[in-house]
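First comes the structure, then the notes that go with it.
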Amino acid sequence: MTLKTEPIIVNIGPQHPSTHGVFRLRILFDGEVIHDVEPVFGYLHRGSEKLAEERTYTQIVTLTDRLDYLAAMSNNLSYCLSVEKLMGIEAPERAKYIRTIMAELMRISSHLMGLGFFLQDLGAFATPLMYMFREREKIMDLFEMASGARITYTYMRPGGVNDDLPPEFMPALRKFADEMPGYIDEYERLLRENEILITRTKGVGVLPRDLAINGSLSGPALRASGVPWDLRKADPYEVYSRVQFDLPVGQIGDNYDRFLVRLEEMRQSLRIVRQCMQQMPAGPFRADLPMLLRPPKGDAYAHVEGPKGELGFYLVSDGSISPYRCAIRAPSFINLSLLKEMLVGWKIADMITIVGSLDFNMGEVDR
Amino acid sequence: MTRQLAGQEIAAALKGVFPEALTDVGASDVTVRGEDILDVCRHMHDAPALAFDYLVSLNAVDWIDSFEVVYQLVSIQYNHKAVLRTRAYGREAPVLPSVSSVWRGANLQEREVYDLMGVRFEGHPNMRRIFLWEGFEGHPLRKDFLLQRP
Amino acid sequence: MAVSALATGCQPPGFFDGQNLWHEWVVNFFPRIGDSICRGMGGHADGGPPNWLIYLVLGFLGSLIVVNIAALGVPFVVLLERKLLGRFQNRIGPNRVGPFGLLQPVADALKLMTKEDITPAAADKIVFALAPLAFAIPIILMFAPIPWADHASLANLDIGILWVIAVTTAAEAGIFMAGWSSNNKYSLFGAMRAVALLVSYEIPLVLSLLGVVLLAGTLNLSEIVLDQRFAPNILWQPLGFFVFIIAVSAELNRAPFDQLEAESELVSGFHTEYSGMKWAMVQLGEYAALIGFSAIIATLFLSGWKGPLWIPGYIWLVTKMAFILCAFIWVRATIPRMRIDQIMAFGWKFLLPLSIINIFATAAEVIAFPDALPYWLIPINIAFAGACVVGMAKLLGFQPKTRKIVIPGRPVIGDDTPGRIVPLMRGGN
């Protein structure tokens, strides 16, 4: 007797519990094994780049908040650096430290979400996710003190930050920096050595080093593949050249490495935050700039190491009050370049974990 | 720090191989003739002294008379970076060779440029719209795209 | 076979007879009800109604009680699960409806009853409508032979264990019907996984029970409870308990084996397309199975309704069931889900050999000590079970200690500042 089998096409998403937003994958399955993948984007496309052409340089900061809404501070920072590069100015020292602290807290917060949802995708039924929400709340409280908002901060401005840190911020930050390592240890104890987690992640979704570079991956996904490439080291901006931190690097680039890299990066971020707290000078928090910025004609590309990867803004100015072109290098989007290579041959369950381990955000993918 | 290669440095490295490809040499970038961009990119990727193994970003600017596509390249090996520019002419069907055979990371970015700017990349494995749906009229990032139709 | 073993309660139980009527009523609540109904109808007397009528009425009444234990217990188990999961996850859990959220089950039930009942246009409508019933009814049937107290089971079957296994296996047909008829690919995946997983785990499930059966020498659940008069079977059968509780959690689609519904992968698996009361029936079946199997685990391994204190048997049983339920919920809140092929490998390579080892070891013990097993066998059995589990795990390549691998550090690119690359410590395997 011969069995007649046929592959089936399944739409994973746009409504699906673990597609991190409104992502959609058209997958050709043979049984449970993936034969072909076609990602479908655009469900959250808002035309941020076109909108930016209609806004003044300061107004665009609010647009950047809505790119990767789990890492709004890093987006602000990248955009502001780009405008500053375009105008040839620099933020005051104090602003640089404040921005660095904010970017690193944002990285912790974003990694918490990334890890939490990754473990959720593994089926750990929200317990680790809820633990991580607990600490994210504390970070959001800190941000609320500084900026008044909890998700879309719009805290940074070209040439500095919107407002100086309130007096209660530093004690709260110190308390957080003291407590957080214990919590990270708690996450590790909860699941890192769990046999099920290990069998589900080790060797799954391996991304070889050369392929990862060729596919323009960045951030933890690239470092997990064994490439010690971090813009904070490779091309230091703000005050990263004055602080010490280590660079966690994975070995083979599987899900487990991506998991560990994010865990370790949170610790390193805390190190940076602590050093910044010690070194932070007093002084102005914003450069003296006119209300309406008119950068000279020209173009500039500035990038930061965001939580998801290299986040860059390519601004072209025609001398007017709004950019002629504002192109965004969105790490979440470009990290999905190799999705097909990573997914083919794995099963449904692995598909979910591999997609989860890339930690992308649809607000940034579709822009 | 990542070292930004000056336009002259890139030009010197490319002159011997592609004597006619460069149309303009700027302070920190070079402009490459559209039809040569694939060969130039492949050379920059493969040449051991340049070793631009990482395509940071690929995006396009609409200068009305032409579309400028900007390639931000980085060499992870040497930690230097370069900016390539190229131009595609014509508003109906501007065409450039695709570099996605050199860097896979260009795959989605070229589709995005095609979708929003309307520059078609020849040799791309899947040159379709990415964010907007098939059948969408026009390319929204072009300067002549009307946000509100009359 | 008598429909109702409540009728056996017509013979008054031995102890307490005539001494303390109230206490006797509480302890022997179930048999007493049967007894008094029997008497009230004028049974055991000449000229009373015929015996078949008494049996029929008692059977219906008994079924009513037991079905309601299952059906009304489910919402409260759901509430328990939600409350506990909330606590495990730093949340409060449901607390809006009623004191401490105790009326949440009522609210849930009302919501489900008033919800629109959607049948997909492309579904096989008859099978789609029948599937929840085909899933829930066998599960409720499984409550029949469970002894809630002395002489208090709905049907005192001589093949009690066999009956439980048989009806719960029949429920898998309902799962498959639901998945197939929904005409939804997620449901289809869930159904296919169900067939593969549940059928595979039936084997270790049944084999691990054979040890208990060997010890008791009977398939009758009441007899098995009575047989555990010296010590609960978990002490004599640690290995069997270990295999059984894992196989049961696979049978129940509980984490980490909830591949059938795999929320993060298959949305809801086989019941993705169900809504309203049909969905409620599916939930009823799942949680009734959870309650039923915790009663079975308590009966087979934790000496069922028997307890050291003079507390009514049904309270002992419910207490033990609550512990087992909490353990299931705890596992669900902690452990990630396994992949389907890993689950299959785990079942066939790990659980099946262990359950076979258990049968042979038990058989040897029973042959060596035909009357009763000596107490000094308990530590030996526990040590043996631990050795078997660890040995089998090692055989399959599990390394309990993490192997630390350190790769030579590469220089950080563009490193202007002190700092180094940290090679991450990956564990073994």
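The values are calculated or read from the model by the stated rules, or taken from the named source; none is laboratory data. The model shown is predicted, which means the values in this text are computed figures rather than measured ones. All Cβ positions, glycine included, derive from the backbone under ideal geometry; neighbour counts span all protein chains shown. Only protein heavy atoms, including side chains, enter the accessible area calculation; ligands, DNA and RNA are left aside. Shrake-Rupley method; radii C 1.70, N 1.55, O 1.52, S 1.80 Å.
Some notes on this structure:
- FRET E, pair C:A129, C:I380, Förster distance 60 Å, beta-carbon r, rounded to 0.05: 0.65
- Counted residue by residue at 0.36 nm each, then reduced by the alpha carbon distance between them, the extension gain from C:L396 to C:T319 reaches 24.0 nm.
- Hydrodynamic estimate: the Kirkwood radius of the protein assembly as shown over Cα pairs, inserted into Stokes-Einstein at 4 °C and 1.567 mPa s, corresponds to D of 41 µm²/s.
- Range of Cα positions in the stretch A:159-281 per principal axis (Å), largest first: 48, 34, 23
- Summed over both chains, the accessible area lost when A and B associate is about 3400 Å², using a 1.4 Å probe.
- Taking label points 7 Å from Cα along the Cα-to-Cβ direction, C:C326 and A:R189 give a separation of 2.1 nm.
- Compared with its chain on its own, the stretch A:1-25 contains the following residues whose accessible area drops by 20 Å² or more in the full protein assembly (probe 1.4 Å; ligands, DNA and RNA excluded): A:I8, A:I9, A:V10, A:H16, A:P17.
- Per-residue HN-Hα couplings for the stretch C:127-144 [Karplus 6.51, -1.76, 1.60; θ = phi - 60°; Hz; x = Gly/Pro]: 5, 4, 6, 7, 4, x, 5, 4, 8, 7, 5, x, 4, 5, 4, 5, 6, 4
- Inter-centroid distance (Cα atoms) of the stretch A:198-245 relative to the stretch A:17-95, Å: 19
- Note that the stretch A:8-356 presents 29 Å² accessible area per residue, ligands and nucleic acids not counted, probe 1.4 Å.
- Rel. contact order, % - alpha carbon contacts under 8 angstrom, at least six apart, the stretch A:8-356: 26
- Histogrammed with a bin width of 10 Å, the alpha carbon distances of the stretch C:310-371 distribute as 17, 20, 32, 27, 4 percent, first bin at zero.
- Computed 3J(HN,Hα) for the stretch B:107-119, one whole-Hz value per residue from the Karplus formula 6.51 cos²θ - 1.76 cosθ + 1.60 where θ = phi - 60°, is 3, 5, 5, 5, 5, 5, 4, 5, 5, 8, 10, x, 8, glycine and proline marked x.
- For the stretch C:115-396, the ratio of Cα radius of gyration to the globular rule of thumb 2.2 N^0.38 Å stands at 1.03.
- The H on the amide N of B:Q77, modeled in the peptide plane, is under 5 Å from the matching H of B:D53, each at least 5 residues off or on a different chain.
- The Rg/Rh ratio of chain B, with both radii computed over alpha carbons and Rh defined as the Kirkwood radius, is 0.99.
- Computed accessible area, C:C326, all protein chains, 1.4 angstrom probe, square angstrom: 50
- Structure note, pairs A:K85/A:K308; A:K233/A:K297; C:K115/C:K185; A:K233/A:K308; C:K125/C:K185; A:K50/B:K143: Cα-Cα distances above 20 angstrom occur for A:K85/A:K308; A:K233/A:K297; C:K115/C:K185.
- The stretch A:196-213 residues near the modelled A:V33 label - backbone nitrogen below 12 Å, point 7 Å along Cα→Cβ: none
- Each principal axis of the Cα atoms in the stretch A:209-367 has its own extent, and those three values, largest first, are 56, 40, 24 angstrom.
- Peptide B:46-59 - average C-beta neighbours from other chains (10 Å radius): 4
- Burial annotation for the stretch A:332-347: residues with an accessible-area loss of at least 20 Å² between the isolated chain and the complete set of protein chains, computed on heavy atoms with a 1.4 Å probe, are A:F333, A:I334, A:S337, A:E341, A:K347.
- Each listed q (0.13, 0.21, 0.32 Å⁻¹) maps to a log10 I(q)/I(0) for the stretch C:122-167 from the Debye sum over equal C-alpha point scatterers, namely -0.40, -0.70, -1.08.
- In Å, descending, principal axis extents of the Cα set of the stretch B:3-90: 37, 26, 22
- Couplings 3J(HN,Hα) for the stretch C:243-254, derived from phi with the Karplus relation 6.51 cos²θ - 1.76 cosθ + 1.60 (θ = phi - 60°), are 5, 5, 6, 5, 5, 5, 5, 6, 4, 8, 6, 8 Hz, where x marks Gly and Pro.
- Shown are C:T272, A:T100, whose ranking by accessible area with a 1.4 Å probe and every protein chain present, most to least, is C:T272, A:T100.
- Reducing the stretch C:69-124 and the stretch A:299-352 to their Cα centroids gives an inter-centroid distance of 42 Å.
- Exceeding the 32 Å Cα-Cα cut-off - candidates A:K4/C:K349; A:K96/A:K138; A:K347/C:K111; A:K340/B:K15: A:K347/C:K111; A:K340/B:K15
- For chain B: accessible area per residue (Å², 1.4 Å): 43
- Only protein heavy atoms count here; on that basis, with a 1.4 Å probe, C:W148 has an accessible area of about 10 Å².
- Here the mean projected area of the convex hull built on the C-alpha positions of chain A is 18.7 nm².
- Cut-off under 5 Å, modelled amide H: who pairs with A:S225 long-range: A:G250
- Using R0 = 30 Å, the C-beta based FRET efficiency linking A:K175 and A:Y69 works out to 0.70.
- Per residue, the accessible area of the stretch C:115-396 comes to 37 Å², computed with a 1.4 Å probe over protein heavy atoms only.
- For the stretch C:68-165, a Kirkwood hydrodynamic radius built from all Cα pairs, placed in the Stokes-Einstein relation at 4 °C and 1.567 mPa s, yields a translational diffusion coefficient of 78 µm²/s.
- Residues whose amide H lies under 5 Å from that of A:F29, counting only those 5 or more places away or on a different chain, are A:I8, A:I9, A:V10, A:H35; hydrogens are built 1.01 Å from N in the peptide plane.
- Working note: 222 nm ellipticity from helices only, DSSP H runs with n ≥ 4, each -39,500 (n - 2.57), summed and divided by the residues of chain A, gives -14000 deg cm²/dmol to the nearest 500.
- The stretch C:274-308 and the stretch C:140-166 have Cα centres separated by 13 Å.
- Peptides C:181-193, A:39-51 ranked from most to least packed by the mean count of surrounding Cβ atoms within 10 Å: C:181-193, A:39-51.
- Apportionment of accessible area to carbon and sulfur, the protein assembly as shown, percent (1.4 Å): 63
- In the C-A interface, the accessible area buried, summed over both sides, Å² (probe 1.4 Å): 4800
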